[in-house]
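Q: Can you read through this structure? Questions will come right after.
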Amino acid sequence: MKALLAGDLLQTLKEEALFLLKEVEAMQQHTPLELLETTDGPGRWNTLQVLEHLNTYYRYYIPVLEKAMEASTTQAVMYFKPGWLGGYFTKSMLPKDGKVVNKMKAMKGHSPTAALDASAVLNDFLQAQRRFILLIDKARQHNVGAIRIPISIASFIRLKLGDVLMFITAHNQRHWVQIEQLLGRLPAVLAN
């Protein structure tokens, strides 16, 4: 991947995060619990499970990101060049043309149960999303290519802070597509 303007990248990531925050806030206020708990097939996740899956990643990454930035003495730089592994992980997560094309099985520890407290899941997600937005803003003060973050599935692998922020955003986008498709199909499923 080519070098990106760090400020532009962080602004784009923040805009994506704000979009998702507003969408889930609207979902919390206007979507009936029945829809949030309904799947579109056996063995498939419902909307709450998708959000809880995202929560499991935030429970790991938010404290790790906060700690890494607090410990860092790096100064912001103009450009960020994604690493090859971070770029690969991000690209593998991104939806294409509004669809999830690269199906994956959730890693152990990131597969939610079906029995979830809707209020807790939604509130946890919204709180984590707000913290993630603040972390993106805080990242503007640092060299996002110099700070290394251990990934959740293998802590011996450490990616650049910028790559991790891009990965989390792509992962969120991937699962937002899943939620949109799920909620878009459910009224028809429930009508039958």
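Q: Which one of LEU48, LEU21 is in contact with an Asp or Glu (Cβ under 7 Å, 6 or more places away or on another chain), in a helix (DSSP H, G or I) and either in contact (Cβ under 8 Å) with a residue 60 or more places away in the chain or among the acidic types (Asp, Glu) (or both)?
A: LEU48
Q: Let me ask something else about it. Which is surrounded by fewer than 17 Cβ atoms within 10 Å (Cβ to Cβ), within 22 Å of GLU52 (Cα to Cα) and of a type in the set (A, V, I, L, M), of ALA120, ALA170?
A: Going through ALA120, ALA170 in turn, the sole match is ALA120.
Q: Taking region 61-83 only, how many residues are buried (at least 17 other Cβ atoms within 10 Å of the Cβ) and among the β-branched types (Val, Ile, Thr)?
A: Of the residues in region 61-83, 1 are buried (at least 17 other Cβ atoms within 10 Å of the Cβ) and among the β-branched types (Val, Ile, Thr).
Q: Can you pull out every residue in region 51-83 that is charged (D, E, K, R) and either under 15 Å from PHE167 (Cβ atoms) or part of a helix (DSSP H, G or I) (or both)?
A: Let us first name the residues in region 51-83 that are charged (D, E, K, R), namely 52, 59, 66-67, 70, 81.
Those that are charged (D, E, K, R) and either under 15 Å from PHE167 (Cβ atoms) or part of a helix (DSSP H, G or I) (or both): GLU52, ARG59, GLU66, LYS67, GLU70.
Q: Among the residues of region 142-163, which ones are charged (D, E, K, R) and either under 14 Å from GLY7 (Cα atoms) or touching a residue at least 40 places away in the same chain (Cβ under 8 Å) (or both)?
A: ARG148, LYS160, ASP163
Q: What are the residues in region 84-100 that are part of a loop (DSSP other than H, G, I, E, B) and surrounded by 14 or more Cβ atoms within 10 Å (Cβ to Cβ), if any?
A: Taking region 84-100 as the starting set, the residues that turn out to be part of a loop (DSSP other than H, G, I, E, B) are 94-95, 97-98, 100.
Listed by number, the residues that qualify are LEU94, PRO95, VAL100.
Q: So, in region 123-167, of the ones that are assigned to a loop (DSSP other than H, G, I, E, B) and modelled with pLDDT under 95, which residue ends up surrounded by the fewest Cβ atoms within 10 Å (Cβ to Cβ)?
A: The qualifying residue surrounded by the fewest Cβ atoms within 10 Å (Cβ to Cβ) is ILE153.
Q: Follow-up. Inspect all residues belonging to region 6-22 and state whether any of them is crowded, with 18+ Cβ neighbours inside 10 Å and in contact with a His (Cβ under 9 Å, 6 or more places away or on another chain).
A: No, region 6-22 has no match at all.
Q: Taking the condition of being closer than 14 Å to GLN178 by Cα and of a type in the set (Gly, Ala, Ser), how many residues in region 1-54 meet it?
A: Residues flagged as closer than 14 Å to GLN178 by Cα and of a type in the set (Gly, Ala, Ser) within region 1-54 amount to 1.
The values are calculated or read from the model by the stated rules, or taken from the named source; none is laboratory data. Everything numeric here is computed off the predicted structure, so don't read it as measured data. Here Cβ is always computed from backbone atoms with ideal geometry, including for glycine, and neighbour counts include all displayed protein chains.
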